1. Counting only residues that are surrounded by 21 or more Cβ atoms within 10 Å (Cβ to Cβ) and among the aliphatic types (A, V, I, L, M), which one in segment 138-157 is nearest to Val248 (Cα to Cα)?
2. Checking the structure you have, find out if any residue of segment 184-191 is within 25 Å of Phe133 (Cβ to Cβ), aromatic (Phe, Trp, Tyr) and not in a strand (DSSP E or B).
3. Only residues that are open to solvent by 20 Å² or more (accessible area, probe 1.4 Å) and either of a type in the set (A, V, I, L, M) or free of Cβ contacts under 8 Å to residues at least 40 places away in the same chain (or both): list them for segment 264-278, please.
4. Sort out which residues of segment 158-168 are open to solvent by 20 Å² or more (accessible area, probe 1.4 Å) and aromatic (Phe, Trp, Tyr), and write them in order of number.
5. Can you find, within segment 252-263, the residue that is most open to solvent (accessible area, probe 1.4 Å) among those that are on the phi < 0 side of the Ramachandran plot and either outside any loop (DSSP other than H, G, I, E, B) or out of contact with any helix residue (DSSP H, G or I) (no Cβ under 7 Å at 6 or more places or on another chain) (or both)?
6. For segment 44-111, list the strands (runs of 3 or more DSSP E) that sit wholly inside it and hold at least 1 residues that are surrounded by fewer than 23 Cβ atoms within 10 Å (Cβ to Cβ); which are they?
7. Output the number of the condition that Ser383 fails; it satisfies all remaining conditions of (1) in contact with a helix residue (DSSP H, G or I) (Cβ under 8 Å, 6 or more places away or on another chain); (2) open to solvent by 10 Å² or more (accessible area, probe 1.4 Å); (3) touching a residue at least 40 places away in the same chain (Cβ under 8 Å).
8. Here are some residues: Ser176, Ser196, Ser205, Ser247. Which one is modelled with pLDDT under 95 and either under 25 Å from the mean Cα position of the chain (by Cα) or open to solvent by 10 Å² or more (accessible area, probe 1.4 Å) (or both)?
Amino acid sequence: MPRPLHTLRAGVIGTGFIGPVHIEALKRLGVQVTAICGSTRSAQATAERWGIPEVYGDYNADALFRSPNVDVVHITSPNKVHVEQSLAALKAGKHVVCEKPLGMTSQETARVVRAVQRPKAPVFAVNYMCRFFPAVLQMRALVQRGDLGRIMHVQGHFFQDWLLKETDYNWRLLASEGGKLRAVGDIGTHWIDAVSFILGARAESVFAHIETFHKTRYRPKGEVQTFAKVDPATLVPYTVDTEDFGSVLLKFGRSGHGFADGVHANASISQVAAGWKCSLYLGIYGTQGSVQWELQNPNHIILGRRDEPNQILQRGTAGFSEDVAGFTDYPGGHPEGFPDSHKMNYRAVYEHIASGRTTPVLFATAEEGHQEVKLCEAVLRSSRKRGWVRV
């Protein structure tokens, strides 16, 4: 018999921007959040705000792993410790939801893949939550049924402006903390994973160009929370070693259903696009029709035809409901967005755990997280080589 979700208990590592997003989504599902880990001050403050009983300060993740009151560990710490913490959590017998990227290099992430392939290994998911926007699930259904015909190409972008100014700072700007790819690695992989999920195919080769517009930036003397404002008088210069922008061409392999084999895609990725806060846009173009979607207008998709009128499909109404049953909770006209995509992702993970692994694996696995890191390495090689590179 499946376990009720409220009998599962979560521990969260990290108290920055994304940690509380995980906490809120879990609480909305009825999952118990029993432990929090971070700096002593921030962990205590987060525990008090959300009513979390166990607090592990001084970044003592090992103590959280030993807790008998944690079944699932959510890793929302900086990228450089994802692999280390993932392996430790798995060794302790905990299921894991790890923020993307899975790790800094594919050599590291391959260790996680091997760990989850062992007999009776816990469930492991990477938090590519864009899969769980109802629009993305709906587009996936349209493609895999053949409603759009044979898919020819995909195009789109992921634009933000939160690092537009040379005085904007976050640890993700540092290759030593977040990895050698920043814009493409941080947000571009969300776009690529969503497209891979919709098509049912993997990117096999890339042609990329990346650019760092701010060669020198200014940072505070101490660390700051994501999106926090800082006093300009406290800033010091440093040399930037990650990119602000990337232009990526991708060639996908065979799909499992035959409607999206060998698809070509192109994406522009930027964290210096003034006016765009979180614009993930994609268009899927087939021989019989197309679909377009934009994250900042998450409850609508545009269905395009050549010889018939175009349609705007609204979540929760005819043509945009049956295919996403179980991953949308509110009636049409009641918007669901970014927080709900996290909730639906964790619902898929926790139901898989609670059911004894009998539900479909729609969430991103360790192998898929590893694939995204390999793709980022291919993007770097391609940009240096100025040519096509196999993933």
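1. Among those that are surrounded by 21 or more Cβ atoms within 10 Å (Cβ to Cβ) and among the aliphatic types (A, V, I, L, M), it is Val154.
2. yes
3. Across segment 264-278, the qualifying residues are Val272, Ala274.
4. Of everything in segment 158-168, those that are open to solvent by 20 Å² or more (accessible area, probe 1.4 Å) and aromatic (Phe, Trp, Tyr) turn out to be Phe159, Trp162.
5. Initially, segment 252-263 is screened for residues on the phi < 0 side of the Ramachandran plot, giving 252-257, 259-261, 263.
If we keep only those that are either outside any loop (DSSP other than H, G, I, E, B) or out of contact with any helix residue (DSSP H, G or I) (no Cβ under 7 Å at 6 or more places or on another chain) (or both) as well, we get 252-254, 256, 261.
Numbers: Phe252: 4, Gly253: 6, Arg254: 185, Gly256: 82, Asp261: 51 Å².
Checked segment 252-263; the qualifying residue most open to solvent (accessible area, probe 1.4 Å) is Arg254.
6. Of the strands (runs of 3 or more DSSP E) lying wholly inside segment 44-111, those with at least 1 residues that are surrounded by fewer than 23 Cβ atoms within 10 Å (Cβ to Cβ) span 54-56, 95-98.
7. (1)
8. Result: Ser176 is the single residue among Ser176, Ser196, Ser205, Ser247 that is modelled with pLDDT under 95 and either under 25 Å from the mean Cα position of the chain (by Cα) or open to solvent by 10 Å² or more (accessible area, probe 1.4 Å) (or both).
The values are calculated or read from the model by the stated rules, or taken from the named source; none is laboratory data. Note that the structure is predicted; figures quoted are calculated from it, not measured. Cβ sites come from the backbone with ideal geometry, for glycine too, and all protein chains shown count toward neighbours. Heavy atoms of the whole protein, side chains included, go into the accessibility calculation; ligands, DNA and RNA do not. Shrake-Rupley method; radii C 1.70, N 1.55, O 1.52, S 1.80 Å.
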